[in-house]
């Protein structure tokens, strides 16, 4: 399997570490961003194969970053999975309307997350 690049965006150091560990153990190359603003820059620079996006972050939140990435000509092809503790149906619908392809509620179920990533690869 060729190593797919995944950008993990979360303001929590613990969440970034947990997700990075899961993904690296499964053969993915992982990059991280601590904010929505940093995600916009890294998405443009790195052109990852997929982005895991938290929602609740200071400054540019995950919904705003997802909308910007999915409307940018250079990055709109990158699938985004929102990975958030916000688990209401309205949150999921809103996230998908911003351009996300999938929505996973924290704490993540590893098998579910890997299945959704594989389906988008």
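Descriptive notes on the structure:
- Note on the stretch 26-38: residues that are closer than 12 Å to residue 6 by Cβ and either in contact with a helix residue (DSSP H, G or I) (Cβ under 8 Å, 6 or more places away or on another chain) or surrounded by 16 or more Cβ atoms within 10 Å (Cβ to Cβ) (or both) amount to 6.
- Among the residues of the stretch 95-121, those identified as closer than 19 Å to residue 49 by Cα and assigned to a loop (DSSP other than H, G, I, E, B) are 98, 99, 100, 101, 121.
- Test: residue 55 is free of Cβ contacts under 8 Å to residues at least 60 places away in the same chain, buried (at least 19 other Cβ atoms within 10 Å of the Cβ) and in a loop (DSSP other than H, G, I, E, B): yes
- Listed by first and then second residue, the pairs with beta-carbon distance under 6 Å, at least 6 apart or on different chains, first residue in the stretch 90-111 and in contact (Cβ under 8 Å) with a residue 40 or more places away in the chain, second surrounded by fewer than 18 Cβ atoms within 10 Å (Cβ to Cβ) and not in a helix (DSSP H, G or I), are 106/85.
Since every read-out is calculated from the coordinates, none of them should be taken as a lab result. On a predicted model such as this, the values are computed, not experimentally measured, just so you know. Virtual Cβ from ideal backbone geometry, glycine too; neighbours counted across all protein chains shown.
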